[in-house]
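Working notes, beginning with the structure itself.
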Ligand SMILES: NC(=O)c1ccc[n+]([C@@H]2O[C@H](COP(=O)([O-])OP(=O)(O)OC[C@H]3O[C@@H](n4cnc5c(N)ncnc54)[C@H](O)[C@@H]3O)[C@@H](O)[C@H]2O)c1
């Protein structure tokens, strides 16, 4: 299969887009360490996917979680070739209402977790080359209101990704960014609570719908994990139905 021999860490890998990535990567032959704070979702994932997945319960904001994930990949699957920094928690408030705690939540689970997992993965990734996929957002590119803490962290992740793509290119470690729009269970709750806002967002998506986590977003991540994208690094890929065109 296309991803035979790949071993990936997927943060937030038990549900939402991360859960879809875990499923698609394992279906295509990869082995996955799924890291998540949701123990129930992790147990369900392990019951479903069996030996192809190792679940690690942990908060990505803690550096120890990143170190434990790297160690678990080697212990269970013998190596680590890929890292998907997908988890990111944040609160939506107007800029003047954001507290120090709100800023810390977004930067600790977003930028610093991405940094810590990249550092923890590096000793293994450099052995035979590898692929890192980090997550940005149209909220950062577009400057969406109420998203100051989240958008700032997301754009910092894109900057970090470009620098490290250049620094690690010589070791054949690629670093790319995906900016998705996807109808996760959380987004579905928001749609049900604010149907008019949901319709307004859909109206700005040329392909006319939110993406499906498993059908639309995870395959783009699988492409970046696999060798078909061997000549791509430092890029931002918009998995958003055409909502934003990067220049
Ligand atoms: N869904 C979208 O339309 C959309 C749009 C733009 C960007 N994104 C980005 O895509 C990524 C995935 O989004 P999603 O909608 O699937 O997210 P989500 O909120 O559904 O959460 C995904 C998973 O992350 C886990 N998680 C949350 N905080 C964690 C923590 N501190 N430590 C470990 N695990 C944690 C959750 O338990 C869940 O299983 C995120 O980086 C998000 O910012 C999503």
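Over the chain, calculate the relative contact order: mean separation of alpha carbon pairs under 8 Å at least 6 apart, over the residue count, as a percent. Once divided by the residue count of the chain, the mean separation gives 19 percent.
Its residue count N fixes a reference of 2.2 N^0.38 Å for the stretch 122-247, and the Cα radius of gyration divided by that reference is 1.15.
Taking square-rooted eigenvalues a ≥ b ≥ c of the alpha carbon gyration tensor, is the chain rounded, prolate or oblate, where a/c under 1.5 means rounded and, failing that, a/b exceeding b/c means prolate? It comes out rounded by the Cα gyration axes.
Once the Kirkwood radius over Cα pairs is known for the stretch 8-101, the Stokes-Einstein relation at 10 °C and 1.306 mPa s delivers a diffusion coefficient of 116 µm²/s.
A full extension of the chain between residue 75 and residue 44 corresponds to an added length of 9.0 nm, given 0.36 nm per residue minus the alpha carbon distance. Summary value for the stretch 133-247: 32 percent relative contact order, contacts being C-alpha pairs under 8 angstrom separated by 6+ residues. First obtain the Kirkwood hydrodynamic radius of the stretch 110-162 from its Cα pairs, then insert it into the Stokes-Einstein equation at 20 °C and 1.002 mPa s, and state the resulting D in µm² per second as a whole number. Answer from the Stokes-Einstein relation: 179 µm²/s. Helix 16-27 and the longest principal axis of the C-alpha atoms of the chain enclose an angle of approximately 30°. Annotation for residue 64 and residue 193: the two label points, set 7 Å from Cα along the Cα-Cβ direction, are 3.2 nm apart. Taken along the Cα-to-beta-carbon direction at a fixed 7 Å, the label points for residue 247 and residue 209 span 3.2 nm. Potential lengthening of the chain between residue 162 and residue 101 amounts to 19.2 nm, from the contour at 0.36 nm per residue minus the alpha-carbon distance. Size of the stretch 91-196: Rg and Dmax of its alpha carbons, in Å, are 15.9, 50.
No value in this document is a laboratory result; all are computed from the given coordinates. Since the model is a prediction, treat every value here as computed from it, not as a measurement. Positions of Cβ are backbone-derived with ideal geometry, glycine not excepted, and every protein chain shown enters the neighbour counts.
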